[in-house]
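S.K.: Here's a structure for you.
The values are calculated or read from the model by the stated rules, or taken from the named source; none is laboratory data. As the structure is a computational prediction, the values presented were derived from the model and not from experiment. Cβ placement follows ideal geometry from the backbone for every residue including glycine, while neighbour counts extend to all protein chains displayed.
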Amino acid sequence: MSEESGREGRCSAVPRNSLSQYGCLMSYDAYSDTGFNTRAIHSGQEPDALTGAVAVPIYQTSTYKQDGVGGLRSGYEYSRSANPTRTALEESLAALEGGARGLAFASGLAAEDTVLRTLCKPGDHVLLPDDAYGGTFRLIARVLTRWGLEYTPVAMHSAAAVAEAIRPNTTVIWVETPTNPLLNIADIAALAELADQSRAKLVVDNTFASPYLQQPISLGADVVLHSTTKYLGGHSDVVGGAVVTAEAGIGDEIAFHQNAMGAISGPFDAWLVLRGIKTLGVRMDRHCQNAAAIVDFLTSHPAVGSVLYPGLPEHPNHEVAARQMSQFGGMVSFRLRGGEDAALKVCELARIFTLGESLGGVESLIEHPGRMTHMSVAGSPLEVPADLVRLSVGIENIEDLLADLTAALA
Ligand SMILES: *Cc1c(COP(=O)(O)O)cnc(C)c1O
């Protein structure tokens, strides 16, 4: 298991609070039968065995004392391979998504890169949504194509379009649902069936819904991925990524690549995400409640041409969303009758809605995808409408958010 020599072997799932030699045993989750909020607060986070500390300590260390050559005292040897704070987060993530293995990364894109390089080899083909997150599209189209990866953007909300686009060399079907920023909905269970019938793995980017609203593994996904920068972290104070696998085998392969490629979450970042996760349920309830009120307001506003939200009965895949999500989320997009100029004006006039990229934090954010988050897809098939505004609805008082939008739209 020597890290310096780069030999294989890695124990990221060693019980954090164990000081004895555990080898590579997975630690047992005593909370697996409890409800979501109980797991969010306790899974992977037993009080520290040595001190009783209730909050998981930030193990800010790169290496660990060994009891004789090759004799690990805690199972940990070097913090790229595993670190106790990161292990706590990884166990928490696996518990929340109902998967076999969780892994914490430096960013959502670091997680994506590692997953794609694990599941694919040069010459393989990937299907991705034709309205994928811009950074995902850029990673595949501009970085991984140089490594020999092939890709096709498809209308992922249509299972028929996906079935038609699958090739013999398709090894990954990459799904986002709801999508960013158009809030399209893909049918995870239907796509899982298509993946099963081919040799492809189904990867679901669950960033927009969070595991509180949607659990793709229970619907047949092989791998779930998050930008923990968003709802899981929840406070706009950390950049991170996560992967949870349905099966331990794929988890081990991705863990091997994570250690080999090095895109790990540091202990402090892991700790921030872990702290965010404890309040995920209460935050998501408020995000969803505020978003629903804002959707009501926007649908009857004369300056607004259309509202994109999976909770609306007229949303093209509302039925699918109602089946696979417990609530419809905190992201709302809308198009202005006045075109791009009107969209830019709303973004600049809003005050409580802070003009900024990213999403999923406690504070409300507003942005113009065409000129901000999705600039990298301008001129590609993934280009977004110029009159589109995206809101990440926060958990402030709803009256204040509505007053802010009323003024910005006037
Ligand atoms: C932000 C985001 C990512 C990328 O995550 P980073 O943490 O910024 O690297 C991937 N997918 C979706 C849906 C996102 O919103």
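S.K.: Could you grab me the full set of residues in segment 355-410 that are among the hydroxyl-bearing types (Ser, Thr, Tyr), touching a helix residue (DSSP H, G or I) at 6+ places or on another chain (Cβ under 9 Å) and under 22 Å from ILE140 (Cα atoms)?
M.R.: THR373, SER376, SER380
S.K.: Are any residues in segment 339-367 in contact with a His (Cβ under 9 Å, 6 or more places away or on another chain), closer than 20 Å to CYS288 by Cα and of a type outside the set (Asp, Glu), and if so, which ones?
M.R.: GLY360, GLY361, VAL362
S.K.: Is segment 364-381 home to any residue that is crowded, with 20+ Cβ neighbours inside 10 Å and either over 23 Å from ALA209 (Cβ atoms) or assigned by TED's automatic domain parsing to the domain that holds PRO216 (or both)?
M.R.: yes
S.K.: For segment 154-196, give me each residue that is within 16 Å of the ligand (Cβ to nearest atom), more than 16 Å from ARG323 (Cα to Cα) and among the hydroxyl-bearing types (Ser, Thr, Tyr).
M.R.: THR179
S.K.: Restricting to segment 25-74, count the residues that are within 25 Å of GLU97 (Cα to Cα) and either of a type outside the set (D, E, K, R) or modelled with pLDDT of 95 or more (or both).
M.R.: 26
S.K.: Scan ARG142, ARG138, ARG117 and give me the residue that is free of Cβ contacts under 8 Å to residues at least 24 places away in the same chain and within 25 Å of HIS374 (Cα to Cα).
M.R.: It is ARG142.
S.K.: Considering only residues of segment 148-180 that are of a type in the set (Asp, Glu) and surrounded by fewer than 22 Cβ atoms within 10 Å (Cβ to Cβ), which is farthest from GLU193 (Cα to Cα)?
M.R.: Applying the filter and picking the extreme gives GLU150.
S.K.: Please work out which residue is surrounded by the fewest Cβ atoms within 10 Å (Cβ to Cβ), limiting yourself to segment 197-247 and to residues that are more than 14 Å from the ligand (Cβ to nearest atom) and of a type in the set (Val, Ile, Thr).
M.R.: Ranking the candidates gives ILE217 first.
S.K.: May I pose another question? Tell me which residues, restricted to segment 383-410, are among the aliphatic types (A, V, I, L, M) and surrounded by fewer than 23 Cβ atoms within 10 Å (Cβ to Cβ).
M.R.: Selection gives VAL384, ALA386, LEU388, ILE395, ILE398, LEU402, ALA403, ALA407, ALA408, LEU409, ALA410.
S.K.: Every residue in segment 103-162 that is closer than 28 Å to PRO267 by Cα and of a type in the set (Phe, Trp, Tyr), please.
M.R.: Hits for segment 103-162 are PHE105, TYR133.
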